[in-house]
Structures are given as structure tokens and as C-alpha cells.
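Asker: The structure is given below, and queries will be raised subsequently.
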Amino acid sequence: MPASHTTPLGEPIGAPVPDWTPPPAPPETPIEGRLVRLEPIAPGHAASLFAALQLDPQGADWTYRMQEPPENAAALTAWLSDLQGRADPCFFAYVNRATGQTLGKGAFMEIDRAHGVIEIGAIILSRALQRSAMGTEALTAMIGWAFEAGYRRVQWTCDPLNAASCAAAERLGFSYEATFAQAYVTKGRNRDKAIFAAIDADWPALRTAYAAWLNPGNFDETGQQRQSLSALTAPVLRARAPAATSRRLNALGQPIGPELSGWSAPPPPPRTPMEGRFCRLEPLEELHAPALFDALAEDREGRVFTYMPNGPFHSLDGYLAWLRPARTAMDPMHFAILIEGRAVGTASYLRIAPAHGTIEVGYITFSPRLQRTAAATEAMALMMRGAFAAGYRRYEWKCNACNLPSRRAAQRLGLSYEGVFAEAQVVKGHNRDTAWYAATDADWPALAEAFDTWLSADNFDGEGQQRQCLSALTRPLLKATG
């Protein structure tokens with residue numbers, strides 16, 4: 001991954017983000033367009049929105065949504081009452097300025113002000129808004145507000161089988177970045193997740209494209225567009241989504257993911273030790289701090305912390321200030337990694353989502369005593385084994401896209417490359433693009449066999465050197481590399 005800057009140690013890092021100031025939260029006031037007004041959602045929007053939703057009597061527009069369509073106006077009113085006033089997701093009603101009718105809704109969500117990231121989602125466009133200038137304006141108004149407010153990254157996510165949503169994202173100038181396998185369990189079936197995004201560098205061109213398309217002069221006397229928005233935004237796209245297919249169709253002929261018969265959400269991972277042949281993992285405690293600080297201090301240049309949000313630590317007191325709250329957190333759930341009874345590194349489970357069976361490994365901090373050892377590999381194998389044994393379906397690894405050793409480590413461990421998120425974070429004053437890797441429960445049996453083979457005593461000679469490398473065992477299992 002090319003980087004425009006390096007540290008004094010010669011390590012590649014993202015470009016500086018000078019004078020970074022987190023943008024504001026979404027407004028509590030309307031966002032005005034020429035054709036449509038976006039109003040903070042309220043129960044008063046329910047009556048006309050429910051009437052508009054009846055234009056889809058079969059409920060085809062709800063196939064890829066987390067919820068089912070409301071049975072009646074009272075149910076919709078109760079739902080909007082629950083959504084009203086939420087900070088994240090922050091919902092808006094799409095109101096026809098000419099008639100005052102509410103014809104759809106959408107939300108700002110996954111709002112990460114610290115890093116300037118926001119998502120446009122939970123979108124419901126009634127048939128009265130679909131394929132209309134009003135519907136497009138509602139979405140471009142939200143995108144425009146986000147970038148003008150100072151967000152660096154605006155993203156759009158959907159089921160990759162939802163071809164209409166994927167096409168809408170690209171029509172709006174969102175570039176395809178990744179598909180996450182087994183991201184959700186929705187309505188009793190598996191749902192993957194496609195991610196699209198636009199970044200602040202795209203916004204000037206997108207703003208011009210939106211203005212040109214929405215200009216009244218772009219429509220003839222019958223309301224037909226003279227120039228398509230797709231043609232105007234196509235030059236901005238860095239990548240398009242591959243077509244997704246499924247052999248399974250619902251009663252309306254729409255492709256859907258496989259059913260998960262007997263699926264039940266796993267429990268949170270236990271805060272209990274994990275024992276291996278080379279190492280032991282223990283829930284992080286204050287008693288581990290002196291040994292950890294001493295081990296990490298052997299990295300005198302601080303390379304361990306170049307791509308970490310925390311550190312380096314210059315005193316035991318400074319390290320304890322981080323460790324004390326970290327040891328009691330349930331997400332991230334931190335573990336100390338011990339060799340012969342002494343803590344030499346840490347790692348954690350995080351982004352723990354039992355309802356969907358997804359979990360991430362992260363905050364991996366290996367001191368020089370742990371790096372490039374069998375214990376380091378075994379620690380990662382133990383955490384992966386623990387997650388899948390608990391019933392999780394998806395195991396994630398993410399890192400700074402400039403961190404090539406971490407990217408190689410993920411793939412050596414058998415986690416497949418999924419994509420890179422542009423401008424995902426601001427870390428230590430620099431931009432961070434984030435690379436994503438994952439393995440699923442279907443991958444685990446073969447990965448477990450690879451780990452067992454590599455970690456077996458027969459795989460190491462009398463000097464402790466491996467006879468067969470782990471990469472050779474896991475490479476055939478990777479679905480994609482990068």
C-alpha cells in the first residue's frame with residue numbers, strides 16, 4: 001500500500017491531517033432541498049408515510065431490510081416514536097415540499113465524529129420517491145450536509161444481493177470497497193455486507209455532478225432527464241461492485257442468502273485463560289503491568305506502537321493509566337500473553353456482536369520477546385479457536401493499510417483479504433486507511449488443521465526452527481489476497 005509519508009524510522013504512514021477538528025453531530029433542524037425537505041423524524045410523519053408505503057403491497061422493498069413492513073399506521077407511528085430523537089442512528093423524514101407528504105426516510109448512522117466518518121443508511125424510499133428527482137435529492141442532500149459539515153468519509157452499506165441498492169450507491173458516486181462475508185443474521189438467513197464510500201477528495205466533483213443533474217434544465221417538459229446522474233458521477237468511481245448471485249430466491253423472485261436453521265446467538269467470549277503449548281493467555285490484570293512494560297520497553301524506538309492508537313509508554317505509571325480501564329472493559333476484552341509465566345504481549349476481542357456471530361481480534365501488541373515466535377502464532381490460533389468454539393460465524397482482523405507486516409500476518413493466519421476503507425480514521429494526526437481480513441466458520445476446520453500441523457512438535461527441529469511454514473499451509477485456504 002503506497003504511502004505519501006514515512007516516520008523517522010522509515011515506516012510508511014498516511015498523510016498528515018493538519019488541524020483536524022471533529023465535525024458536528026447531524027442537525028436537529030430540517031435540511032432543505034428544492035423539491036424535498038428532510039425533517040427530523042416524528043410520529044406526525046406516520047400517516048402520509050404509511051399511505052405511501054401501500055404502493056408496495058407485496059413488501060418487495062423490505063426484503064433486504066432488518067425489519068418487516070409495519071402492519072398498520074398505528075404500528076408505524078409507534079416505530080417512528082421510538083426513532084424520534086435518536087442521536088445514532090439520526091433519522092430524517094423525506095417530505096415533498098409541494099404537498100407536505102412524507103414519502104420516505106433515511107438516517108445518519110455509524111457516526112464517528114472523532115475520525116470524520118458517517119454512513120447514510122436505513123433508507124426507505126416509497127414507490128412515490130423511487131426513480132424520481134425528489135428521491136435523488138433527498139439522498140444527495142444528506143451526502144452534501146455530511147461533507148459540508150466536515151466529514152471525511154461518507155459510506156453506504158447494503159446486502160450485495162440487493163442489486164438496486166448497489167446500483168444506487170454507484171449512481172451517487174460511491175466507490176465499491178469490500179464485501180464482508182457473513183456480516184449479519186437477518187430474518188433467519190445469512191446476509192453478507194457490501195461497502196461503498198465517497199471521501200472528501202471526491203466531494204467537489206460529486207457536488208458539481210449533483211447540481212448539474214438536479215438543475216431544472218436537465219429535465220424536459222415531461223420530466224425526463226436529459227443527462228443521467230450515473231454518467232456524471234462515473235469518473236469519480238474508483239471501483240465497481242462485482243455482481244452477486246444466489247441460487248436461493250424468495251417468493252417474489254429476489255435473490256436472498258441461505259437460511260440458518262437452528263441459529264442461535266453465541267454468548268460473549270469468556271474472560272477465562274486459554275492454554276497452549278508455547279504460551280498462556282490470561283484476562284488482562286494490573287498484576288501483568290510490570291512485566292508487560294519491561295517487555296515493551298525493549299522496543300526502544302517505539303515501532304510496536306507506530307500503527308496503534310495508543311502508546312508508546314515512557315513510564316510504568318503511563319502504562320498503568322491505559323491498562324487500568326482496559327482490564328475491566330468487556331469490549332475490547334483484553335488478554336495478556338504469557339511465556340513461562342511472564343507477560344510479553346497483549347491482544348483483545350473487540351467489535352463483539354453475538355446477535356450476528358461476528359467478532360474481531362485486535363489491539364495486538366507484541367513485545368520484541370514475543371515477535372516472530374511460535375508463541376505469537378499460537379496466541380493468535382488460541383484466540384481464533386476460542387471464538388469459533390464459542391459459536392461465532394465471522395472472525396475479523398483489521399489494520400492500517402500501510403502496516404504491511406500486519407497485513408502479511410493476517411493472511412499467514414488464513415484470514416482472507418476483503419478490502420480497504422479509504423480515510424477510515426485519523427490516528428495520531430495522520431490519515432489511516434484500514435485493510436480488512438476475515439475467516440468464517442466454514443473456513444475454520446481447515447484452518448484448525450493447519451494450525452495443529454504447524455504447532456505440532458514434529459514441525460520443529462532440535463533448534464526450534466520450523467520445518468514447514470504456516471503460510472504454505474494456509475495459502476490454499478485464502479479466498480483473496482491483498
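The values are calculated or read from the model by the stated rules, or taken from the named source; none is laboratory data. None of these values were measured; they are calculated from a predicted model. Counting neighbours? That spans all protein chains shown, and the Cβs are built from the backbone with ideal geometry, glycine included. The protein model used for the area step is the full one, side chains on, heavy atoms only, and it has no ligands, DNA or RNA in it. Shrake-Rupley method; radii C 1.70, N 1.55, O 1.52, S 1.80 Å.
Asker: Just to check your reading of the model, which residue among Ala243, Ala205, Ala198 is of a type in the set (A, V, I, L, M, F, W, C), under 30 Å from Trp444 (Cα atoms) and touching a residue at least 12 places away in the same chain (Cβ under 8 Å)? Working first, answer last.
Answerer: Working: Ala205 fails: under 30 Å from Trp444 (Cα atoms); Ala198 fails: under 30 Å from Trp444 (Cα atoms).
When all the criteria are applied, what remains is Ala243.
Asker: From (1) open to solvent by 30 Å² or more (accessible area, probe 1.4 Å); (2) touching a Lys or Arg at 6+ places or on another chain (Cβ under 8 Å), pick out the condition that doesn't hold for Ala355.
Answerer: Failing condition for Ala355: (2).
Asker: crowded, with 16+ Cβ neighbours inside 10 Å, small (Gly, Ala, Ser) and under 25 Å from His115 (Cβ atoms): is that true of Ala439 in this structure? Break it down stepwise before answering.
Answerer: Details: crowded, with 16+ Cβ neighbours inside 10 Å: yes; small (Gly, Ala, Ser): yes; under 25 Å from His115 (Cβ atoms): no.
Spelling it out, it is not the case that Ala439 is crowded, with 16+ Cβ neighbours inside 10 Å, small (Gly, Ala, Ser) and under 25 Å from His115 (Cβ atoms).
Asker: Which condition does Ala47 not pass, out of (1) surrounded by 19 or more Cβ atoms within 10 Å (Cβ to Cβ); (2) in a helix (DSSP H, G or I), if it passes all the others?
Answerer: Only one criterion is unmet by Ala47, namely (1).
Asker: Give the residue, chosen from Thr453, Thr474, Thr434, Thr481, that is part of a helix (DSSP H, G or I), β-branched (Val, Ile, Thr), under 30 Å from Glu177 (Cα atoms) and at pLDDT 95 or above.
Answerer: Values: Thr453 fails: under 30 Å from Glu177 (Cα atoms); Thr434 fails: part of a helix (DSSP H, G or I); Thr481 fails: part of a helix (DSSP H, G or I).
Going through Thr453, Thr474, Thr434, Thr481 in turn, the sole match is Thr474.
Asker: State the number of residues belonging to the range 108-123 that are under 22 Å from Glu68 (Cα atoms), open to solvent by less than 10 Å² (accessible area, probe 1.4 Å) and either over 19 Å from the mean Cα position of the chain (by Cα) or of a type in the set (Val, Ile, Thr) (or both).
Answerer: Going through the range 108-123 one residue at a time, the tally reaches 1.
Asker: Check Asp19 against each of (1) exposed (fewer than 13 other Cβ atoms within 10 Å of the Cβ); (2) charged (D, E, K, R); (3) in contact with an Asp or Glu (Cβ under 9 Å, 6 or more places away or on another chain) and name the one condition it does not meet.
Answerer: Every listed condition holds for Asp19 apart from (3).
Asker: Before we move on, is Trp444 within 23 Å of Phe305 (Cβ to Cβ) and at pLDDT 95 or above? Lay out the reasoning, then the answer.
Answerer: Working: within 23 Å of Phe305 (Cβ to Cβ): no; at pLDDT 95 or above: yes.
For Trp444, the condition - within 23 Å of Phe305 (Cβ to Cβ) and at pLDDT 95 or above - is not met.
Asker: Just to verify a result, which residue in the range 209-244, among those that are small (Gly, Ala, Ser) and surrounded by 18 or more Cβ atoms within 10 Å (Cβ to Cβ), is nearest to Ala181 (Cα to Cα)?
Answerer: Filtering the range 209-244 for residues small (Gly, Ala, Ser) gives 209, 211-212, 217, 223, 228, 230-231, 234, 239, 241, 243-244.
Those still in the list that are surrounded by 18 or more Cβ atoms within 10 Å (Cβ to Cβ) too: 209, 241.
Numbers: Ala209: 33, Ala241: 14 Å.
Looking at residues that are small (Gly, Ala, Ser) and surrounded by 18 or more Cβ atoms within 10 Å (Cβ to Cβ), I get Ala241.
Asker: Among the numbered criteria (1) open to solvent by 50 Å² or more (accessible area, probe 1.4 Å); (2) at pLDDT 95 or above, which single criterion is violated by Asp61?
Answerer: With respect to (1) open to solvent by 50 Å² or more (accessible area, probe 1.4 Å); (2) at pLDDT 95 or above, Asp61 is out only on (1).
Asker: Ok, one more. Given the conditions (1) touching a residue at least 60 places away in the same chain (Cβ under 8 Å); (2) touching an Asp or Glu at 6+ places or on another chain (Cβ under 7 Å); (3) open to solvent by less than 20 Å² (accessible area, probe 1.4 Å); (4) of a type in the set (D, E, K, R), report the number of the one that Lys105 does not fulfil.
Answerer: The failed condition is (2).
Asker: I've got another one for you. Kindly list the number of the only condition in (1) touching a helix residue (DSSP H, G or I) at 6+ places or on another chain (Cβ under 6 Å); (2) under 26 Å from Phe305 (Cβ atoms); (3) among the polar types (S, T, N, Q) that fails for Gln425.
Answerer: Going through the list (1) touching a helix residue (DSSP H, G or I) at 6+ places or on another chain (Cβ under 6 Å); (2) under 26 Å from Phe305 (Cβ atoms); (3) among the polar types (S, T, N, Q), Gln425 breaks only (1).
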